[in-house]
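The structure under discussion appears below in the form of structure tokens.
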Amino acid sequence: MKASLLLILSAFHFPALAAEKPNILFILVDDQSPFDFKFHNPDSTLDSPVIDRLASGGMILDAAYHMGSFTGAVCVPSRHMISSGRTVWHLPVGHGSKNCPPGLENNTLGPVFSRAGYATMRTCKDGNSYTAADKLFDVVHDASKRGGTAESGSAWHAERVLDYLGERKAKKDGRPFFIQLGFSHPHDVRDGTPELLAKYGATNHKDPSMAPPAHPKQPPLPPNWLPAHPFDNTEMGVRDEVAVSGVWKRRDQATIRNEIGREYACSENIDIQIGRVLAWLEEMGELDNTYILYTADHGIAIGRHGLQGKQNLYEHTWRVPMIVKGPGIKPGGRAPGNVYLGDLLATFCDLSGVSPPETNEGTSFKPVLLGEKQTVRDTLYGVYSGGGKPGMRCVKQGDWKLIEYEAPGVRETQLFSLKENPHELIAEHENPKATNLAKDPQHAAKLAEMRTLLLAEMRRLNDPWRFSGQPDDGLTPPKSDKPRGGKKFDGK
């Protein structure tokens, strides 16, 4: 009798529990600096009302970062870390593959949430991602859409989600959903819609021999714009620095303002498409029980510090925009967080009551989202090692940040107080009150402290390289910069 009663009760109880589980809408864009948005940069002229409302209705994380890359295609390790929760030297691609368990794709976002009873769906760009994991979502619609029409641009990705939600409604699917809504923009080529290009005074410039026409509607130059980077940063010849259509090697003011205008046109279109998806979720009555997280796979320079791409460790590129809105998150919240993109798997699991896989190395930042903590870690590490070796490394603690550069013929150090110098201005910016402090005798002790901290992080995270002046720790530098399988990624 008791057993029969238990079966009857469970038949009613478990569906109710499933219905109470939150939905997750994970929005991931390609190549976007946090300083594009007014909530990170009040001087921005980007019009993004939908994303701004998400920010005001949820929490803004001011210190969210991708950990870095060992290849010019920074997307590749970033998206592997997002999907798997693994650190940069523990991925199934690159030098860290020996530190990665086999079959990792089965412990990534799609299959983890599918096993937990979620309906999983993704649409995102095609290529330079974690393909083995991406295809394990229940429904997959991936394609690179970087054009200026509805079919060739961001609207295509939104349509896939709208179609999926329509089918969900028709089938009366009561399972919670995990949807990854990825966009191929604002990654170049930044072919915005004609009306949005006109709004920002931008043109799809085609002539590398001359600058595009100036227009008063074009966004202003960023405060850390330079006509050239003052030294070889170990990766000055990568595609993003020399071959982006519309920019090429040019860093003049007209070219950069036009290119930022193209970036903004693409970003505003993304904003419009997100608005369409949120309106449909609201109509379906599913918005209030949905966590929405917006971020990018990494930042981008577009003229800042005389650079164009994502192969650097300045804040505009190492850092990413991040906002989270959903049940239990107080509107108008703001915190540093000190989070990595590799923390997303752990956080999504924590928010939804799903057990993270044993392979996960990320840290849930749910306590930050609920206002219980300001940060989840004290120290942040960054790497770029896709060009000359060992390349670039950075470490950030509090307001202090160290960047080291080394390759054959290259040895540079930068020390910044981000409180005093948030844009990481250097001597070439002609601002003596805010510059690189690495050679300032008054900051020698801080420099030594940050170098010690960097070495500790390199050791902890199994970084296979060392800089001059660091102990070699008995490491043998890797012989090749090709990921396992022999394919060398190019950054497209």
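The values are calculated or read from the model by the stated rules, or taken from the named source; none is laboratory data. Not measured: the values here are computed from a predicted model. Neighbour counts run over all protein chains shown; Cβ positions are idealised from the backbone, glycine included.
Within region 164-195, being within 30 Å of residue 246 (Cα to Cα), part of a loop (DSSP other than H, G, I, E, B) and among the acidic types (Asp, Glu) holds for 188, 191.
From the list 159, 105, the one residue that fits, being modelled with pLDDT of 95 or more and within 17 Å of residue 27 (Cβ to Cβ), is 159. Counting residues in region 403-425 that are within 30 Å of the chain's Cα centre (by Cα), modelled with pLDDT of 95 or more, in a helix (DSSP H, G or I) and not assigned by TED's automatic domain parsing to the domain that holds residue 228 gives zero.
If we scan region 363-378, do we find a residue that is among the small types (Gly, Ala, Ser), touching a residue at least 24 places away in the same chain (Cβ under 8 Å) and either in a helix (DSSP H, G or I) or touching a Ser or Thr at 6+ places or on another chain (Cβ under 7 Å) (or both)? Lay out the reasoning, then the answer.
Looking only at region 363-378, we keep the residues that are among the small types (Gly, Ala, Ser), and these are 364, 371.
So of that shortlist, the ones also touching a residue at least 24 places away in the same chain (Cβ under 8 Å) come out as 371.
Next cut, either in a helix (DSSP H, G or I) or touching a Ser or Thr at 6+ places or on another chain (Cβ under 7 Å) (or both) only: none.
No; the residues of region 363-378 include none that is among the small types (Gly, Ala, Ser), touching a residue at least 24 places away in the same chain (Cβ under 8 Å) and either in a helix (DSSP H, G or I) or touching a Ser or Thr at 6+ places or on another chain (Cβ under 7 Å) (or both).
When residue 466 is tested against the conditions (1) in a helix (DSSP H, G or I); (2) more than 23 Å from residue 62 (Cβ to Cβ); (3) not small (Gly, Ala, Ser), the lone failure is (1). Checking each residue in region 397-434 for being at positive phi and among the charged types (D, E, K, R) picks out 424, 430. Filtering region 97-138 to residues that are within 27 Å of residue 270 (Cβ to Cβ) and either charged (D, E, K, R) or in contact with a Lys or Arg (Cβ under 6 Å, 6 or more places away or on another chain) (or both) leaves 119, 122, 123, 125, 126, 129, 130, 134, 135, 137, 138. The C-beta contact set for region 240-252 (first residue within 10 Å of residue 188 (Cβ to Cβ), second residue acidic (Asp, Glu), distance under 7 angstrom, 6+ apart or interchain) comprises 244/188; 245/188; 246/259; 247/259. If the condition is being assigned to a helix (DSSP H, G or I) and either of a type outside the set (S, T, N, Q) or buried (at least 23 other Cβ atoms within 10 Å of the Cβ) (or both), then region 87-121 contributes 95, 96, 98, 104, 105, 109, 110, 111, 112, 113, 115.
Of all residues in region 291-331, those satisfying the criterion of being among the charged types (D, E, K, R) and over 18 Å from residue 63 (Cα atoms) are 304, 330.
With respect to the conditions (1) basic (Lys, Arg); (2) touching a helix residue (DSSP H, G or I) at 6+ places or on another chain (Cβ under 6 Å); (3) surrounded by 24 or more Cβ atoms within 10 Å (Cβ to Cβ), residue 249 lacks only one, and its number is (3). Within region 136-151, the set of residues being in a loop (DSSP other than H, G, I, E, B) and without any contact (Cβ under 8 Å) to a residue 24 or more places away in the chain comprises 150, 151. Of everything in region 419-435 that is free of Cβ contacts under 8 Å to residues at least 40 places away in the same chain and out of contact with any Ser or Thr (no Cβ under 8 Å at 6 or more places or on another chain), the residue that is nearest to residue 404 (Cα to Cα) is 435.
This table checks each residue for (1) assigned by TED's automatic domain parsing to the domain that holds residue 26; (2) in contact with a Ser or Thr (Cβ under 8 Å, 6 or more places away or on another chain); (3) under 18 Å from residue 152 (Cα atoms).
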site	(1), (2), (3)
188	yes, yes, yes
195	yes, no, yes
202	yes, no, no
205	yes, yes, no
208	yes, no, no
217	yes, no, no
251	yes, no, no
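Cβ-Cβ distances below 7 Å connect the following pairs, each with a first residue in region 315-335 that is closer than 22 Å to residue 417 by Cα, a second residue that is among the charged types (D, E, K, R) and buried (at least 21 other Cβ atoms within 10 Å of the Cβ), and a separation of six or more residues or different chains: 315/424; 316/304; 317/310. I'd like the full set of residues that are surrounded by 14 or more Cβ atoms within 10 Å (Cβ to Cβ) and within 17 Å of residue 407 (Cα to Cα), limited to region 459-474. Correct list: 463, 464, 465, 466, 467, 470.
In region 288-312, of all residues being surrounded by fewer than 22 Cβ atoms within 10 Å (Cβ to Cβ) and in contact with a strand residue (DSSP E or B) (Cβ under 9 Å, 6 or more places away or on another chain), the one that is nearest to residue 23 (Cα to Cα) corresponds to 290. Is there a residue being assigned by TED's automatic domain parsing to the domain that holds residue 165, surrounded by fewer than 24 Cβ atoms within 10 Å (Cβ to Cβ) and free of Cβ contacts under 8 Å to residues at least 40 places away in the same chain anywhere in region 70-84? Scanning region 70-84 turns up no residue that is assigned by TED's automatic domain parsing to the domain that holds residue 165, surrounded by fewer than 24 Cβ atoms within 10 Å (Cβ to Cβ) and free of Cβ contacts under 8 Å to residues at least 40 places away in the same chain.
Scanning region 24-78 for residues that are assigned to a loop (DSSP other than H, G, I, E, B) and farther than 27 Å from residue 370 by Cα turns up 31, 43, 44, 45, 46, 47, 70, 71, 72, 73, 74.
Quick check on region 122-143. Is at least one of its residues within 23 Å of residue 459 (Cα to Cα), in the same structural domain as residue 265 (by TED's automatic domain parsing) and among the charged types (D, E, K, R)? The answer is no; no qualifying residue exists. State whether one or more residues within region 309-318 are of a type in the set (Lys, Arg), in contact with a His (Cβ under 7 Å, 6 or more places away or on another chain) and closer than 21 Å to residue 180 by Cβ. Yes, region 309-318 contains at least one residue that is of a type in the set (Lys, Arg), in contact with a His (Cβ under 7 Å, 6 or more places away or on another chain) and closer than 21 Å to residue 180 by Cβ.
A single member of 349, 394 is on the phi < 0 side of the Ramachandran plot and part of a strand (DSSP E or B), and it is 394.
If you go through region 299-339 and keep only what is at positive phi and in a loop (DSSP other than H, G, I, E, B), you end up with 302, 303, 305, 306, 326, 328, 332, 338. Checking the structure you have, find out if any residue of region 65-83 is at pLDDT 95 or above and more than 20 Å from the chain's Cα centre (by Cα). Checked against the condition, which is being at pLDDT 95 or above and more than 20 Å from the chain's Cα centre (by Cα), region 65-83 yields no hits at all.
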